[in-house]
Amino acid sequence: MALPDRLSRAVSTTAFRVAAVTVTVYLLCAGVVVGMLLWQTNRILTSQVLGTLRSEAELLKVEAQSGDRAALVRAIETRSRPGGPGLYYLGDASGTKLAGNLSRIPPEIAGSAAGGVFRYAPDVANSSSEQLGVAIPVDVGGGTVLIVGRDVEEQRRFAGEMGTVYFLGLGFLTLGGLLAGFLVSRVALKRIETINVAARSIMDGDMSRRIAITGAGDEFDTLAGNLNAMLERIEALMSGLREVSDNIAHDLKTPLSRLRNSAEAALRDARGSEAYREGLEHTIEEADELIKTFNGLLLIARLEAGALEKSAERFDVGRVVRDVAELYEPVAEERGMTLIVEVGEDPQLTGNRQLVVQAVANLIENAIKYSKTAAAAGAAADATITIGLRDMDKVVEIAVTDRGPGVAPEDRERVLKRFVRLEKSRTEPGTGLGLSLVQAVARLHGGSVRLEDNRPGLRVVVTLPKRGDDR
Amino acid sequence: MHVLVVEDDRETANFLQKALKESGHAADLAEDGETGQSLAEQGVYDVLIVDRMLPRLDGLTMIRELRGKGVRTPVLILSALGEVDDRVKGLRAGGDDYLTKPYAYSELLARVEALARRAVPEEQETRYVVDGLVLDRLSHRVTRDGEPIQLQPREYRLLEYLMKHAGQVVTRTMLLEHVWDYHFDPQTNVIDVHVSRLRAKIDKNFEKPLLHTVRGAGYTIRDGPA
C-alpha cells in the first residue's frame, strides 16, 4: 500500500476523525486558557509595578512637602542615574525640565491623573527603539510636575516569551494529538483489517474460519467474540440444514423407490386380478406415507418460522394431556403396556391447543413404539408408560416416560433433529420427525424439550411457559 | 348428487370430475373464482369443492360472498396450505370442511358425501336406527335388539357419529376430527383400536355385523354388506 493511500485511509477512519475533533476542541479550550493566563499575568505584573510606583510617589511627595525644591531635584537626579530601575521627569510649571531621565512628559500620561502605560525612547542610545513604561503623575504642589515611572520592557518581553512558549506548546499539542489519532486509527484499522480478512475468507467458503481474539479484552475482542459466536450459530444452522437435506434425500429416496417398485410389480400382474389391486393399494399406501412425511416437514418448517399469536388460545393443559392419553390408552393396552396418567393440577396455558395435542400424541406414540421390546420380553412391569404434568409456577412440565431401551446421552441432542433416527430404530416404521415436531412446538411456545435417563428407558420432558412467550 | 368443483388446475379438476362420476355423482367444473361464484349462485349444487388459490377471485372470498348472498350450499375447501390457522380461517369464511392437498380420493369422497347429507334439512333427529341398533340421543342409551349396551362416553360419541352418517363411509381422519376434535396424523392405528372396541360391544354377540371396515377408506355402519 502506498503511503498517501495509507494516509488517506487512516485519515478517513472514525478513530482519526474522533481524534481530530478532540484535538480541535482541546486546542480551542487551551487557547482560551492561555489567553486568560497571559492577560492575568500582565495585569498582576502591572499592578505590582503600580504599587511600587505609588509608594515611591509617597516618599517623593514627603520630600517635596519639606519645601526644598533643590533637594527634590537632587533626589530625582540620584534616582535617575543610569542602571536604576526608575523613570523620572521633574519639570516646573512653565514646562522646563528640571531633572529626570525622561526627556519629556509622555503624551500618554499628560493630563491623566491615574497614570498609565506609555512608550518612550531611552535617551541613552538610538531613539528609534522604543520601550514600554508605566508611570503615574505625583502631585508635589506648586505647579511642579513630577512623573514617576518604571520601565516594563522586561516584563513585556517576558510576557511575549511566555506567549511564544504557550503557542509552541499548543502547536506540539496539535501535532501530538493528530499523531496519536493517526496511530490509534492505525491500530484500529489493523484490528478491523483482521476482521475483514477473516470475513473475506469466510465469504470465500472457509466456514470454519474464526476471527483472532487478542486477549486484550477490549471492544474489538468483544466484537470478535460476538462475531465468532454468530458464525458458530450460522455454521451449526448450516450443517443442520445440510444434515436435513441429506436425510431428506435419503429418507425420501427409500420410500420413493419402494413406491416405484410396487407400481412396477403391480403392472406385471394381470389387470383386474386381486394381486393387481393389492399392488396398487400398496402403492397408494406408500404414497400416503410420503405425503405424511412431507406434511410433517412442512409443519415443522412453518412452526419454526411462525409466530404463535395468531392461533393462541387459553386452554386447560391437564385436560389435553388426559384426553390424548385416553386416545392412546386402548392402543397401549392392546400391546400389553400400561399407560399411567399422573396429572394433579389443571393449569391453564396460552398456546395452540392443536399443536400441544399433537406434541403430546407424538411423545406417547414414541413411548409406545419403543416400549414394545420390553413388552415382548414379557416383563409386564417394564412396559409402563407414564404421562405426567407438573405445574411449576410460570411453566408447566409435561413428562412422558417409558421403560424401553432409552437414548444414550451422546445421542440425546441429535434425536431432536429432523429425520435423525438411531440405527436400532431405522427399521421401525415412522418418519423420524416426531421429536423434531415436539421440539418445534415447544420452541414456538417459548419452551424447550429435554431428554433424560429413566433408568431404564427414556424420559422426555417438555417445558411450556403458561403465558405464551410473554411478548 | 350434483357437485361443483372450483379448481384452476385442469388435471386435478378432470381427475375429480371423472372420479366423482365413477362414484355415481355429477360434477361440473369452474376454473376460476368468478365463474365458480356465478355457477354456485344458481343453487343447483349439493356440495361445492373449492380450491383456496384461484385466479380472479380467491376461494375464501368467493365463499364469503356466496354466504353473504344467502347461498347455503355446503363447501369443502381444498388447500395446499394446511396449518391449523388455515383451517380455522377457511371455516370462518363459511367453509364446512377442510382438506389439505395432497389428499386421498377416498377421503375427499367420504367428506363430500357427509357434507351432502348435512345439506338435507335435518330435523333434529333424536334417535338413530340401523337395523336393530338404536341410539337414543336424549337418554344417551344404546340398545341392540332391545338389549342395552354399555358404552364409555367416547365410545358413545364414536357410535353417534358413525350412525349419523349411516350408510356412508367415514374415514379415520373424519373420526379423529369430529369425535376427538384432533387435527393430526397419528402414526399408530389408534382409531382402529377404538373402533374395534366399539365393534366388540355392538356386533360381537350378534349374528349380523353392522360396523364394517371399508378397505383403503375407513368405516361404515349399515344394514347389509359394506
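Remark: relative contact order (chain A) = 10 percent; criterion is Cα-Cα distance under 8 angstrom and separation of 6 or more residues. Taken per residue, the accessible surface of the protein assembly as shown reaches 52 Å², heavy atoms only and a 1.4 Å probe. Quick one: Kirkwood hydrodynamic radius for segment A:257-412, alpha-carbon pairs, angstrom, one decimal? Value: 18.6 Å, from the Cα pair sum. Separation of segment A:40-57 from segment B:200-226 is 127 Å, based on Cα centroids. Summed over both chains, the area buried between A and B is near 2700 Å², taken from the accessible surface of protein heavy atoms with a 1.4 Å probe. Using a 10 Å Cβ count of at most 10 others and DSSP loop calls, identify the longest part of chain B lacking such GluC sites (Glu not before Pro). That would be B:1-121. Checking the cross-link pairs A:Lys61/A:Lys97; B:Lys21/B:Lys201; A:Lys292/B:Lys164; A:Lys369/B:Lys89; A:Lys292/A:Lys394 against a 26 Å limit on the alpha carbon distance flags B:Lys21/B:Lys201; A:Lys292/B:Lys164; A:Lys369/B:Lys89; A:Lys292/A:Lys394 as lying beyond it. Averaging the Cα positions of each part gives two centres, and for segment B:98-115 and segment A:166-212 these lie 67 Å apart. The separation of segment B:1-52 from segment A:219-264, counted between C-alpha centres, amounts to 42 Å. Dividing the mean sequence gap of close Cα pairs (under 8 Å, 6+ apart) by how many residues segment B:1-85 holds gives a relative contact order of 31 percent. Based on Cα contacts under 8 Å between residues 6+ apart, chain B shows a relative contact order of 13 percent.
Taking a ≥ b ≥ c as the square roots of the Cα gyration tensor eigenvalues, with a/c under 1.5 meaning rounded and otherwise prolate when a/b beats b/c, else oblate, which class fits chain A? Verdict is prolate for chain A.
Anisotropy class assigned to segment A:252-305 is prolate, per the alpha carbon gyration tensor with a/c at or over the 1.5 cut-off and a/b larger than b/c. Of all accessible surface on chain B at a 1.4 Å probe, what whole percent is carbon and sulfur? The value for chain B is 48 percent carbon and sulfur by accessible area. Give, ordered by residue number, each residue of segment B:177-193 whose 1.4 Å probe accessible area is reduced by a minimum of 40 Å² on adding the remaining protein chains to the chain alone. Residues losing area: B:Tyr182, B:Phe184, B:Asp185, B:Gln187, B:Thr188, B:Val190, B:Val193.
If R0 is 30 Å, the Cβ-Cβ spacing of B:Glu207 and A:Lys292 corresponds to a FRET efficiency of close to 0.20. To put it simply, the accessible area of chain A at a 1.4 Å probe is 58 percent carbon and sulfur. Among B:Arg117, B:Arg127, B:Arg215, the largest mean-square fluctuation in a Gaussian network model of chain B (Cα springs under 10 Å) belongs to B:Arg215.
The values are calculated or read from the model by the stated rules, or taken from the named source; none is laboratory data. Nothing here was measured: the structure is a model prediction, and the numbers come from that model. Backbone-built Cβ (ideal geometry, glycine too); neighbour counts: all protein chains shown. Surface accessibility is based on the protein's heavy atoms, side chains included, excluding ligands, DNA and RNA. Shrake-Rupley method; radii C 1.70, N 1.55, O 1.52, S 1.80 Å.
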